Amino acid sequence: MPSTLHAMALAHALRFSPTVLNTLCAHAGSLDAVIQHRNDIRSVVPDASERLQHTLQNLDDSLKRAEQELAFCEQKHIQVLVRGTDSGYPARLMQCDDAPYVLYYRGTAPLNATHTISIVGTRNATTYGKDFVQRLIADLCHAMPDLLVVSGLAYGIDICAHREAMEHGLNTIGVLAHGLDTIYPASHRNDANRMVMHGGLLSEYMSGSKADKMQFVQRNRIVAGMTDATLVVESADKGGALITARIAREYNRDVLAVPGRHNDATSKGCNLLIRENVAALVTSAENIIETLGWQNDIQQWQQRDKGVEQQLFPNLTNDEQHIVELLQKENDLNVNTLSVQTGIDVGQLFALLFNLEMLGIVKPYAGGVYHLVR
């Protein structure tokens, strides 16, 4: 526990310079060596700056703050993840020089899933963008049931990605620009509470830390660094999503973008990323799987399209199986269309669809439209 406490104190004291802390520990040999020599740091790091010396010599306030935070974390069941020490720390993030030395995590999902993707975009998402996220995640969850979806819990594309991931049984992580004692925006509190049981909330900031513009930018590097790729669904020609994409590129991560019409304000950023060869063009889940080299999964997906997925529904009646097969070919069909194509009268069809809904296989939408969930 002392090492964890020391890590928290150093991360707090040098919170505006994560790269400095990572470099300092590397040069000193260990975190414990930094603490041991905090009053004579130049004995182990000869080129330490005067400012750094002063910070380390006056570490007592940060140590007290770390003790308070550790008690808070224990009370609220928050994990303290120290870089290079805790196996739960995101391994992909450890590859980034400016990664946080300490992370605070409240959740249930492992942060080192085999398949991970960040989905980001404008806060002013359009129906086009939201529908794309919905269809994409519905398709991805079939091929990669272990997929971890990461975003920033913001309005628009972020919260849409979180909600759709949970809707389809995927784990999702919200990376916050403030402490875990609060939720911003407050309107997403219910979603955040659900995410703790279906993923989690992650932050580099202690409780009581209020979000400011710079912290949102800092947050974006975690979103970009802890995943295999960053997908930008909608973005204006400036904004946080483009910042995240460019950080991901600097980290040698794959960057993906959804194209849009040239005159749509919310597509200008995505089109720019594609035009400048920063991002690969994505219009489907299959594009993502191919780009990221998840070939085994795409082969399973292709087999499913040929009808192999029928084995997933072994207990359905012939009529129910017929409905599922139609929705596999063309999802989101209304009741009248299904009635015509199956030859089942509407009254009986509603009963069959209700049973499929109870099994979690279909989901009703407005206007009598039904969506195949799995």
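The values are calculated or read from the model by the stated rules, or taken from the named source; none is laboratory data. It should be emphasised that the depicted structure is a prediction, and the values quoted were computed from it without experimental measurement. Glycine gets a Cβ as well: all are built from the backbone with ideal geometry, and neighbour counts include every protein chain shown. Protein only, heavy atoms only, side chains kept; ligands, DNA and RNA dropped before computing areas. Shrake-Rupley method; radii C 1.70, N 1.55, O 1.52, S 1.80 Å.
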(request) Find how many whole Å separate the alpha carbon centroid of the stretch 317-338 from the alpha carbon centroid of the stretch 346-374. (result) 9 Å
(message) What does the C-alpha gyration tensor say about the overall shape of the stretch 311-374? Classify as rounded when a/c is under 1.5, otherwise prolate if a/b is larger than b/c, or oblate.
(response) rounded
(request) Using a Förster distance of 41 angstrom, determine the FRET efficiency expected from the C-beta separation of S284 and N39, and round it to 0.05. (result) 0.10
(request) Report, in degrees rounded to the nearest 10, the 0 to 90 angle that the Cα long axis of helix 60-76 makes with the longest principal axis of the chain. (result) 30 degrees
(request) Only Lys, Arg, Asp and Glu count, each charged at its Cβ (+1, +1, -1, -1), so figure out the dipole size of the stretch 1-61 about its Cα centre, rounded to 20 debye. (result) 120 debye
(request) Provide the per residue accessible area, probe 1.4 Å, for the chain, rounded to a whole number of square angstrom. (result) 46 Å²
(message) Using a 1.4 Å probe on the protein heavy atoms, what percent of the accessible area of the chain belongs to carbon and sulfur?
(response) 48 percent
(message) Looking at the chain, identify the longest residue range that excludes and avoids all chymotrypsin sites (Phe, Trp or Tyr not before Pro) in DSSP loops having at most 15 other Cβ atoms within 10 Å.
(response) 156-374
(request) In debye, nearest 20, what is the charge dipole magnitude of the chain about its Cα centre with +1 on Lys and Arg Cβ and -1 on Asp and Glu Cβ, if you could check? (result) 860 debye
(request) For Cα Rg over 2.2 N^0.38 Å, several values are listed as [x] 1.13; [y] 0.92; [z] 1.20; flag the one computed from this structure. (result) [x]
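Just need the relative contact order of the stretch 29-142 here, percent rounded to a whole number, with Cα pairs under 8 Å and 6+ apart.
RCO, the stretch 29-142: 15 percent.
Could you grab the relative contact order for the chain? Cα pairs under 8 Å, six or more apart, rounded to a whole percent.
On the way: 655 pairs, mean separation 44.6, N = 374.
Averaging sequence separation for qualifying contacts and normalising by length gives 12 percent for the chain.
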(request) Hey, for a label at T108 modelled as a point 7 Å past Cα toward Cβ, could you say which residues of the stretch 77-100 have their backbone N under 20 Å away? (result) 77-80, 88-89
(message) Tell me the mean residue ellipticity at 222 nm calculated for the chain from its helices only (DSSP H runs of n ≥ 4, each -39500 (n - 2.57), averaged over every residue, nearest 500).
(response) -14000 deg cm²/dmol
